[in-house]
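Visitor: Below you'll find the structure I mean.
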Amino acid sequence: MALSEQFLEEDIHPIDIVEHIAEHHDWSFDRLGDDQIAMAVEGQWRTYSITLAWSDYDETLRLVCSFEMEPPEEKLSALHEALNAVNDQCWAGAFTFWDEQKLMIYRYGLVLAGGQMASPDQVDTMIRAAVLSAERFYPAFQLVVWGDRAVKDAMQVAIAEAYGRA
């Protein structure tokens, strides 16, 4: 059954939908307020911290997916070059590095202007896309920062299709 089939009411707050999705997937979460929720989602490479917040002002459901990254100062220019290359491959959302907090961030905003409602399937897809993007590009960031690989070579790891199964 699709997630959207579980909701029959029409006026459901987007963060209530996110909470239901977190329960459905058995993700640990913390409701930080009426308009904000934080959760931890396990990936192949690491556990990602995901926060979703609803803004009445601009009718946007904002997602921030983060993971710690502490590149050496001399690798920051290579990391920024990698960020540009990665963001060229992202059609929805974008990565940025918050140097002060030492966090790699994937951000996305779902605009629901005019009183539109987010569907559970939309929100679930939004969260999954964030985790899939982080999983896809995590190795490229690591290769550039810690493996002394050129951005072009590191991106091949992220872009290459996997065939078969290990």
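Visitor: Dipole of the chain, Cα-centred, from +1 at each Lys and Arg C-beta and -1 at each Asp and Glu C-beta, to the nearest 20 debye?
Guide: My answer is approximately 840 debye.
Visitor: What figure, in Å² to the nearest 10, do you get for the accessible area of D35 with a 1.4 Å probe and non-protein molecules left out?
Guide: 60
Visitor: Counting Lys and Arg as +1 and Asp and Glu as -1, what is the net charge of the other residues whose Cβ lies under 14 Å from the Cβ of E135?
Guide: Taking every Cβ under 14 Å from that of E135, the sum is +2.
Visitor: Calculate, in nm to one decimal, what E23 and T125 gain on full extension: separation in residues at 0.36 nm each, minus their alpha carbon distance. Please report the intermediate quantities before stating the final value.
Guide: Details: separation 102, 0.36 × 102 = 36.72 nm, distance 1.54 nm.
So the chain would gain 35.2 nm between E23 and T125.
Visitor: Report the gain in length on full extension from S77 to S55: 0.36 nm times residue separation, minus Cα-Cα distance, nm rounded to one decimal. Let's see the in-between values first.
Guide: Values: separation 22, 0.36 × 22 = 7.92 nm, distance 3.34 nm.
Once the chain is fully extended between S77 and S55, it gains 4.6 nm.
Visitor: Counting pairwise Cα distances across segment 34-113, what percent come out greater than 16 angstrom?
Guide: 59
Visitor: Using the beta-carbon distance between D35 and D11 and R0 = 22 Å, what value does 1/(1 + (r/R0)^6) give for FRET efficiency, to the nearest 0.05? If you can, show how the numbers build up before the last one.
Guide: Details: r = 15 Å, r/R0 = 0.69.
Efficiency at R0 = 22 Å is approximately 0.90.
Visitor: In segment 64-100, which GluC sites (Glu not before Pro) are in a loop and have at most 16 other Cβ atoms within 10 Å, using DSSP for the loop call?
Guide: Numbers: sites: E68, E73, E74, E81, E100; in loops: E100.
Filter output for segment 64-100: E100.
Visitor: Sticking with this structure for a sec: Provide the descending list of Cα extents for segment 53-93 along its principal axes, expressed in whole angstroms.
Guide: Here the spans come out as 41, 22, 15 Å, largest first.
Visitor: Now for a separate question. Give me the tail of P(r) for segment 26-80 as a percent: Cα-Cα pairs with distance above 18 Å.
Guide: Values: 744 of 1485 pairs.
Cα-Cα pairs of segment 26-80 separated by over 18 Å account for 50 percent.
Visitor: Taking every Cα atom in segment 1-135, find the radius of gyration and the maximum pairwise distance Dmax, and write them in Å.
Guide: In order Rg, Dmax, the Cα atoms of segment 1-135 give 15.8, 54 Å.
Visitor: Related question: Sort out the exposed loop trypsin sites (Lys or Arg not before Pro) in the chain (DSSP loop, at most 14 other Cβ within 10 Å) and tell me the longest stretch that has none.
Guide: Values: sites that count: R46, K102, R165.
In short, 103-164.
Visitor: Are there DSSP H segments in the chain that both extend 27 Å or more along their axis (alpha-carbon positions) and score a mean Kyte-Doolittle hydropathy of at least -1.0? List them, or say none. Write out the running numbers ahead of the final one.
Guide: Values: long enough: 120-146 (38 Å, 0.38).
Membrane-span-like by this criterion, though nothing is claimed about a membrane: 120-146.
Visitor: Take the Cα atoms of segment 79-160, find their three principal axes, and give me the spread along each one in whole Å, biggest first.
Guide: Per principal axis, max minus min of the Cα coordinates gives 48, 31, 17 Å.
The values are calculated or read from the model by the stated rules, or taken from the named source; none is laboratory data. These numbers come from a predicted model, not from an experiment. Ideal geometry is used to build each Cβ from the backbone, glycine not excepted, and the neighbour counts take in all protein chains shown. With ligands, DNA and RNA removed, areas are computed over all heavy atoms of the protein, side chains included. Shrake-Rupley method; radii C 1.70, N 1.55, O 1.52, S 1.80 Å.
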